[in-house]
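Shown next, in structure tokens, is the structure this report addresses.
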Amino acid sequence: TRDGKFQPSGKVPDATVSAVALALVTMARDPAGTAAAYGKATGCCCFCSRKLDDPRSVAVGYGPVCAANYGLPH
């Protein structure tokens with residue numbers, strides 16, 4: 001919602017809702033660590049899903065373009 005509360009669609013299976021809720025809590029607790037873990041696990045940017053080729057990008061979980069778009073260090 002606009003005030004930051006997670007409100008899933010009623011059409012989504014409960015298991016998916018639980019997985020998304022857990023991912024959101026994990027990201028809220030440790031955004032940098034979660035992004036890095038995603039990049040290392042998938043080799044893709046956690047924001048746009050593009051393939052990460054640079055070892056530094058894989059380490060942080062996002063590429064330089066998304067870093068600039070979101071004001072993040074790279």
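The values are calculated or read from the model by the stated rules, or taken from the named source; none is laboratory data. Everything numeric in this text was worked out from a predicted model, so none of it was measured. FYI the Cβ positions are ideal-geometry reconstructions off the backbone, even for glycines, and counts take in every protein chain you see. For the accessible areas, the whole protein counts, side chains as well, though only heavy atoms, and no ligand, DNA or RNA atoms are used. Shrake-Rupley method; radii C 1.70, N 1.55, O 1.52, S 1.80 Å.
Rolling a 1.4 Å probe over the heavy atoms of the protein chains gives the chain an accessible area of 74 Å² per residue. Sorting R56, R29, R50, R2 on solvent-accessible area from highest to lowest, probe radius 1.4 Å, gives R2, R29, R50, R56.
Rounded to a whole number, what is D in µm²/s for the chain from Stokes-Einstein with the Kirkwood radius over alpha-carbon pairs (4 °C, 1.567 mPa s)?
So the translational diffusion coefficient is about 97 µm²/s.
Rounded to the nearest 10 degrees, the angle from helix 14-29 to the longest Cα principal axis of the chain is 50 degrees. In this structure the amide hydrogen of C44, modeled in the peptide plane, comes within under 5 Å of the amide hydrogens of L52, none closer than 5 places in sequence on its chain. Phi angles across the stretch 31-41 convert, under the Karplus curve 6.51 cos²θ - 1.76 cosθ + 1.60 with θ = phi - 60°, into 3J(HN,Hα) values of x, 5, x, 5, 4, 5, 4, 5, x, 5, 6 Hz, Gly and Pro given as x. At full extension, D54 and V17 could sit 10.0 nm farther apart than now, given 0.36 nm per residue minus the alpha carbon distance.
Heavy-atom accessible surface of Y70, to the nearest 10 Å², is about 130 Å², with a 1.4 Å probe and all protein chains retained. Remark: the chain carries a charge dipole of roughly 80 debye about the Cα centre, counting +1 on each Lys and Arg Cβ and -1 on each Asp and Glu Cβ. Note on surface exposure: K11, K51 rank K11, K51 by accessible area, highest first, 1.4 Å probe.
With a Förster radius of 22 Å, plug the Cβ-Cβ distance of A32 and K5 into 1/(1 + (r/R0)^6) and report the FRET value to the nearest 0.05. Using R0 = 22 Å, I get an efficiency of 0.40.
The figure for D53 is an accessible area of roughly 120 square angstrom, using a 1.4 Å probe on the protein chains alone.
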